[in-house]
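Worksheet: the structure to be examined is printed underneath.
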Amino acid sequence: MDEAGNLLHDLRERLAASEFHTWAGMEVIEASTGEVTVAIDVLDRHVNLQGLVHGGMLAILADTACGLSIRSAMEAGRLHVTTDMDIHYLTPARPGRLFGRGKAVRVGRSLAFAEASIEDEEGKLLARAQSRFSVSGREPPAG
């Protein structure tokens, strides 16, 4: 398996191990160093009272895409947490398959910055986000 294949496999396993991301139905579609695409199939549990995708779900998709893009670009084993995120909702999202495309803009020793776009199946831009992350320490050993 090549480096991109290993990265994709590792990120997919990471999301599959998360009860939250499993509940949301999120999956990693593509991954390369500094760029990640995640997807979600909008279900009834993801819509608001108007039948549109809840803005919180779009924010989750954006945060995950940004976070995984940072993870894919930083030194293995380092920790990163979102410190803030700015999201702009550009058009209402309708149920269907949605994609979060994250890109690491800068990954430093203590701070990282990423951007994400949220699109529908036709490639229509639904939202844009940018996030800052604190990068620190090491993950605890597994087990």
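The values are calculated or read from the model by the stated rules, or taken from the named source; none is laboratory data. None of the values given here were measured: they were computed from a predicted structure. Reconstructed Cβ throughout: ideal geometry from the backbone, glycine too, with neighbour counts over all protein chains shown. With ligands, DNA and RNA removed, areas are computed over all heavy atoms of the protein, side chains included. Shrake-Rupley method; radii C 1.70, N 1.55, O 1.52, S 1.80 Å.
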Restricting attention to segment 61-85, report how many residues are at negative phi, small (G, A, S) and in a loop (DSSP other than H, G, I, E, B).
1
Which residues, counting only those in segment 31-42, are more than 11 Å from L68 (Cβ to Cβ), open to solvent by less than 30 Å² (accessible area, probe 1.4 Å) and outside any loop (DSSP other than H, G, I, E, B)?
A39, I40
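What number of residues within segment 94-140 satisfy the criterion of being closer than 18 Å to M74 by Cβ and part of a loop (DSSP other than H, G, I, E, B)?
The qualifying residues number 7.
The rows are residues; the columns are (1) within 15 Å of E35 (Cβ to Cβ); (2) in contact (Cβ under 8 Å) with a residue 12 or more places away in the chain; (3) within 15 Å of the chain's Cα centre (by Cα); (4) open to solvent by 20 Å² or more (accessible area, probe 1.4 Å).
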site: S69; (1), (2), (3), (4): yes, yes, yes, no
site: E75; (1), (2), (3), (4): no, no, no, yes
site: V81; (1), (2), (3), (4): no, yes, yes, yes
site: D86; (1), (2), (3), (4): no, yes, yes, yes
site: L90; (1), (2), (3), (4): no, yes, no, yes
site: L98; (1), (2), (3), (4): no, yes, yes, no
site: R101; (1), (2), (3), (4): yes, yes, yes, yes
Residues in segment 43-67 that are charged (D, E, K, R) and open to solvent by less than 30 Å² (accessible area, probe 1.4 Å): how many?
0
Could you give me the residue pairs with C-beta distances under 8 Å whose first residue belongs to segment 17-30 and is under 14 Å from G67 (Cα atoms), whose second residue is open to solvent by 80 Å² or more (accessible area, probe 1.4 Å) and part of a helix (DSSP H, G or I) wherever it lies, and which are 6+ apart or on separate chains?
E27/R12; V28/R12
